[in-house]
1. Helix 14-24 against the longest principal axis of the chain: what's the angle in degrees, Cα atoms only, rounded to the nearest 10?
2. With a cut-off of 8 Å between alpha carbons and a minimum separation of six or more residues, what is the relative contact order of the chain in percent?
3. Please identify the trypsin sites (Lys or Arg not before Pro) of the stretch 108-154 that satisfy two criteria: DSSP loop assignment and at most 14 other Cβ atoms within 10 Å. Which are they?
4. Given axes a ≥ b ≥ c from the Cα gyration tensor, I'd like to know whether the stretch 24-85 is rounded (a/c under 1.5), prolate (a/b larger than b/c) or oblate.
5. To the nearest whole percent, what portion of all C-alpha pairs in the chain is separated by more than 19 angstrom?
6. Are there GluC sites (Glu not before Pro) in the stretch 121-154 that DSSP marks as loop and that have at most 14 other Cβ atoms within 10 Å, and which are they?
7. Decide, for the stretch 49-112, between rounded, prolate and oblate: order the square roots of the alpha carbon gyration tensor eigenvalues as a ≥ b ≥ c, take rounded if a/c falls under 1.5, and otherwise choose prolate if a/b is larger than b/c, else oblate.
8. Sort 153, 86 by Cβ crowding within 10 Å, fewest neighbours at the top.
Amino acid sequence: MRIAVGADHGGHPLNERVIEELRAAGHEITDFGTHDGSQPDDYPDYALKVGQDVQSGAVEIGILICGSGVGAAVAANKLKGVRAALCGDTYSAHQSREHDDCNVLCLGARVIGVELAMEIARAFVAARFTGEERHRRRLMKVAEIEAARDSELG
Ligand code: RB5
């Protein structure tokens, strides 16, 4: 699977571990950094890069990591067609794909331990949207909210 990974200074070095493991598992990774957690930077910049790769179809899913995961999720969810899930447990990780067709996973490197973060990432990557009618119906409603927002901004 093609996966974009981005992290601000608060998400480093968890991003390196995620990338290492996903590459070892055979996934094709676009690595947007950061590779230097000592330099303060801004999570929206990474959310934009990862989100745009998801929007364009360059990758199938993205993983964003910041200190809490919250800022990354807020920023990524501003992008049309991006459904970013902040997950701190494996149930939410796979259900966010199976039911909500989420295409970006957000992790809080200062909130959860490395091994739990890796289990969450594995669960998210392995899960697939079930495509059931009730989930499609709900996603259509989400898309309608997004379209109404865009026309307001218009
Ligand atoms: C950076 O200090 C921190 O604010 C950021 O990584 C993230 O946690 C924001 O939600």
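Only the coordinates and a few stated rules stand behind these numbers; no lab work does. Fair warning: this is a prediction, and the values are worked out from it, not measured in the lab. Quick reminder, even Gly has a Cβ in these numbers, built from the backbone with ideal geometry, and neighbours come from all protein chains shown.
1. 80 degrees
2. Working: 297 pairs, mean separation 33.9, N = 154.
Rounded, it is 22 percent for the chain.
3. On the way: sites: 110, 122, 128, 134, 136, 137, 138, 141, 149; in loops: 110, 128.
The qualifying sites are 110, 128.
4. On the way: a/c = 1.82, a/b = 1.11, b/c = 1.65.
Oblate, because a/c is 1.5 or more while a/b does not exceed b/c.
5. Details: 5862 of 11781 pairs.
Tail of the P(r) past 19 Å holds 50 percent of the pairs.
6. Working: sites: 132, 133, 144, 146, 152; in loops: 132.
Those satisfying the criteria are 132.
7. Values: a/c = 2.00, a/b = 1.25, b/c = 1.60.
Taking the square roots of the gyration eigenvalues as a ≥ b ≥ c, the stretch 49-112 is oblate.
8. Details: 153 6, 86 24.
By the 10 Å Cβ count, ascending: 153, 86.
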